[in-house]
Amino acid sequence: MLLSLGLEVYLHHPTKYNGSHLNIIHEQTEHYLFFHLSSRILADICLTHSIKCVIHPHYLLTNSSLINQENTDKIVNEMKKVLSYGEDVFLWENSIYGVFTAQNPNWFEDIVKPLKFTACL
């Protein structure tokens, strides 16, 4: 209905699972699997209806969001997986702290540029 009115529709990836903020490289297997399953489901919905989905690689400062090369590599690898579900449907939103922020001096060169994804800030 919204599309027929000429409006753009954006979904938002879940922010939490079982009370914890989601993280693309979450240490708990169940949370990690939920991140990917929900991303795949949202990509299917977006592709079916020609809409977009906002997604965050991480929210809060955690061990896996600390700015270092190991975490950067992990996030890039996981983002590649999510992008394979629907490359053009996701808008990757920055976080407040950590690897996926402007605090990371190599954010553009190490993450944005090689993956060529759409970012929203």
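The values are calculated or read from the model by the stated rules, or taken from the named source; none is laboratory data. All figures in this text were calculated on a predicted structure; none of them were measured in a lab. Note that each Cβ is placed from the backbone with ideal geometry, even for glycine, and that neighbours are counted across all protein chains shown. These accessible areas exclude ligands, DNA and RNA; they are computed on the full protein's heavy atoms, side chains included. Shrake-Rupley method; radii C 1.70, N 1.55, O 1.52, S 1.80 Å.
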Quiz item: Across the stretch 109-117, in residue order, what do the Karplus-derived ³J(HN,Hα) couplings come to in whole Hz, using 6.51 cos²θ - 1.76 cosθ + 1.60 with θ = phi - 60° and x for Gly and Pro?
Solution: 5, 8, 10, 5, 4, x, 8, 6, 9
Quiz item: Where only protein heavy atoms count, and the probe is 1.4 Å, what is the accessible area per residue for the stretch 3-59 in Å²?
Solution: 56 Å²
Quiz item: Which of Trp92, Ser65, Trp107 sits farthest toward the positive end of the charge dipole of the chain, with +1 on the Cβ of Lys and Arg and -1 on the Cβ of Asp and Glu?
Solution: Trp92
Quiz item: So which GluC sites (Glu not before Pro) in the stretch 53-121 pass both tests, a DSSP loop state and at most 16 other Cβ atoms within 10 Å of the Cβ?
Solution: Glu87
Exercise. Step through the residues of the stretch 38-53 one at a time and calculate ³J(HN,Hα) from phi using the Karplus curve (6.51 cos²θ - 1.76 cosθ + 1.60, θ = phi - 60°), rounding each to whole Hz and writing x for Gly and Pro.
Key: 5, 5, 5, 4, 5, 4, 4, 4, 5, 5, 5, 10, 6, 10, 10, 9
Practice problem: May I ask for the equivalent-ellipsoid semi-axes of the chain, computed as the square root of five times each C-alpha gyration tensor eigenvalue and listed largest first in whole Å? | Solution: 24, 16, 13
Exercise. Using a 1.4 Å probe over the heavy atoms of the protein chains, calculate the carbon and sulfur portion of the accessible area of the stretch 62-121 as a whole percent.
Key: 50 percent
Quiz item: Counting DSSP beta bridges with both partners in the chain, what percentage is antiparallel, nearest 5?
Solution: 20 percent
Quiz item: Which whole-Hz ³J(HN,Hα) couplings does the stretch 76-88 yield from phi under the Karplus relation 6.51 cos²θ - 1.76 cosθ + 1.60, θ = phi - 60°, glycine and proline marked x?
Solution: 4, 5, 6, 5, 4, 4, 5, 4, 5, 6, x, 3, 8
Quiz item: What are the residues whose amide H is under 5 Å from the amide H of Phe90, where those residues sit 5 or more places off or on another chain and H is modelled from the backbone?
Solution: Cys53
Practice problem: Quick one: grab the alpha carbon gyration tensor of the stretch 26-71, order the square roots of its eigenvalues as a ≥ b ≥ c, and give me rounded if a/c is under 1.5, else prolate or oblate depending on whether a/b is larger than b/c. | Solution: prolate
Quiz item: Taking a probe of 1.4 angstrom, what is the accessible area of Asp44 in Å², to the nearest 10?
Solution: 80 Å²
